[in-house]
Amino acid sequence: MGMAPAPTYPARSAEPILYHIALGSNLGDRLAHLQGAIDELDTEPGCRVVGISSVWETEAHVKPGAPAQPDYLNALMVCRSALAPELMLRMLLHIEAHHGRDRSAKGLWLPRPLDLDIVLAGPLVVDTDQLTLPHPRLADRRFVLAPLAEIAADVQVPAPFHESVGYLLDMCPDTSDIRRTSHSLQLPRSA
């Protein structure tokens, strides 16, 4: 017997999906990279950025024994789109590459101009070779949970978490220092 094919998703869902997308940058003009990603995603057909958190600064998580890296600026954006999750991921990877992100093996754990991760796709649970949603390390990342809780504390995170964003932040084992900055990001004009 052959293996069952991986699940596929239609290019568009029947109803728009509310995507919560984490943004991070610790290389170059960090704020410009974050704003550029927001603006670029909003110009894609059928995508509308409808919310943005404050900008937070955190120490970079590095491989044990590796040298320190510049601090990250992090934020969270909310995008409404009928694109299927794997197509949204492809679009985000394209935006990262446009900003100089190297996702090859040699680029892992290195400073990056832009990092975009889908954290939640509404109530969807996805588990494919390319994408797992909700993000599997969501509950362990204060730098994602703090901006997410700022704009979506009451949102219920589906399996395997089955808890609200606010609860996950309260229980987060990550003790990294995270600071809200005075920087701000702008919603695109179409929002």
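Please treat every number below as a calculation from the coordinates, not as lab data. Just so it is clear, the model here is predicted, and its values are computed rather than measured. Here the Cβ positions follow ideal geometry from the backbone for every residue, glycine too, while neighbour counts run over all protein chains shown.
Using Cβ counts within 10 Å as a stand-in for footprinting exposure, how do VAL50, VAL165, VAL55 rank, fewest first?
With the fewest neighbours first, VAL50, VAL165, VAL55 line up as VAL50, VAL55, VAL165.
Which shape class, rounded, prolate or oblate, goes with the range 13-134 when its Cα gyration tensor gives a ≥ b ≥ c as root eigenvalues, a/c under 1.5 marks rounded, and past that a/b bigger than b/c marks prolate?
Because a/c hits 1.5 or more and a/b exceeds b/c, the range 13-134 counts as prolate.
Quick one: PHE161, PHE143, fewest Cβ neighbours within 10 Å first, how do they rank?
PHE161, PHE143
Compare the Cα positions of THR58, LEU168, PRO188 along the charge dipole of the chain (+1 at Cβ of Lys, Arg; -1 at Cβ of Asp, Glu; about the Cα centre) and return the one farthest towards the positive end.
PRO188
Place a +1 charge on the Cβ of each Lys and Arg in the chain and a -1 charge on the Cβ of each Asp and Glu, then give the dipole magnitude about the Cα centre in debye, rounded to the nearest 20.
280 debye
Hey, what number do you get for the chain at 222 nm if only DSSP H runs of n ≥ 4 count, each worth -39500 (n - 2.57), divided across all residues, to the nearest 500? Don't skip to the answer; put the middle values down first.
Numbers: 4 runs with 46 residues, N = 191.
For the chain, the value works out to -7500 deg cm²/dmol.
What is the distance in Å between the Cα centroid of the range 48-78 and that of the range 115-152?
14 Å
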